[in-house]
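The values are calculated or read from the model by the stated rules, or taken from the named source; none is laboratory data. None of the values given here were measured: they were computed from a predicted structure. Note that we place each Cβ from the backbone using ideal geometry, even for glycine, and neighbour counts take in every protein chain shown. Only protein heavy atoms, including side chains, enter the accessible area calculation; ligands, DNA and RNA are left aside. Shrake-Rupley method; radii C 1.70, N 1.55, O 1.52, S 1.80 Å.
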Amino acid sequence: MTDRIPATGRQFEISRGAARAVITEVGAALRLFEVDGVPYTETFDPDQEAPAAAGAVLVPWPNRVADGKWELAGQPQQLALTEPARNNAIHGLLRHTAWEVVEHDQDRIVLRSFIPAQPGWPVPLLASVAYAVDESGLSVTHEVTNTGAQATPFGVGVHPYPRAGNAETDECTLQLAASSVLPVDPERLLPTGPARPLAGEETELRSGRKLAGLRLDTCFGGAEPAADDPQGLVRHHLTGPSGHGVQVWADPVFKWVQVYTAADFPGRGRAVAVEPMTCPPDALNSGTDLLVLQPGETWSGSWGLAPF
């Protein structure tokens, strides 16, 4: 008899000092990150599919593709409609795939998955993700390699639900390093035009806005490092009433951030996703901030979580 395997596959733990993270085999998702037993992400039962894409790796595109349709070198492509209620393809091709562990040390793990050429995605890619913990928090590095014979556009995103320790979500303040917002159709959440500067109450998110009463499923752009940032990183902050919380940092290539306030995250209720992305929704059609990989080329980008 074989050991029972949870719905999200095997669970891989990494730790260093008081910091601990758990990564799932299915989707290579971040299921837990905590320090001294204090949670800095929302977590979920490994016997359940990750709720609302929690912790997911979004490759080779984040967010939505309208009708699952796009073109590569003039050739029409049709992706599976993985968000059928809105007639969209959503969050890439690897959320429900078992990833292979290629390295696993006490404080670091590397997983990889192959995207074969398939209907709607004709160029094969090799994706990897490395998670590491140390005294400063969690760092995550993504690599994508074009193993095919033609250039391809792509994007990368992630779907963490940061948590300011044990504070209730509505007691927390969210501060974004963003300067614009993408207008979308409220029914399908697809862009209706280019990003525009933050206006009115939206500007409060630059300095920090309390989450109580705020309902978002919104893409913000213009995410960039502060002029005086010593490491040149984009930094978003979720702060509890005590003044402590967690920072979501990212390389400057993550110019976009989707913020989603979940009303009924299992075991938690209100929760917030802060999702660094290299491109906005429907970028495979708009071309906005798409990355391009030539045959044999590898791209790399990092983000992470830092309690404060």
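Take the solvent-accessible surface of the protein heavy atoms, probe 1.4 Å, and return the percent of it on the range 1-124 that carbon and sulfur atoms account for.
Values: 2830 of 5770 Å².
Looking at the range 1-124 in its full context, I get 49 percent from C and S.
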For the full complex of protein chains and a 1.4 angstrom probe, list Y260, Y40 by accessible area with the highest value first. Y260, Y40
Could you tell me the relative contact order of the chain? Use alpha-carbon pairs under 8 Å, at least six residues apart, and round to a whole percent. 19 percent
In whole Å, what is the distance between the alpha-carbon centres of the range 242-281 and the range 197-218? 13 Å
If we sort 90-99, 9-18 on the protection proxy, mean other Cβ atoms within 10 Å, highest first, what's the order? 90-99, 9-18
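Would you mind getting the accessible area per residue of the range 11-307, heavy atoms of the protein chains only, 1.4 Å probe, in Å²?
Solvent-accessible surface per residue comes out at 40 Å².
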From the helices alone, meaning DSSP H stretches of at least four residues, give me the mean residue ellipticity at 222 nm for the chain, per-run term -39500 (n - 2.57), in deg cm²/dmol to the nearest 500. -500 deg cm²/dmol
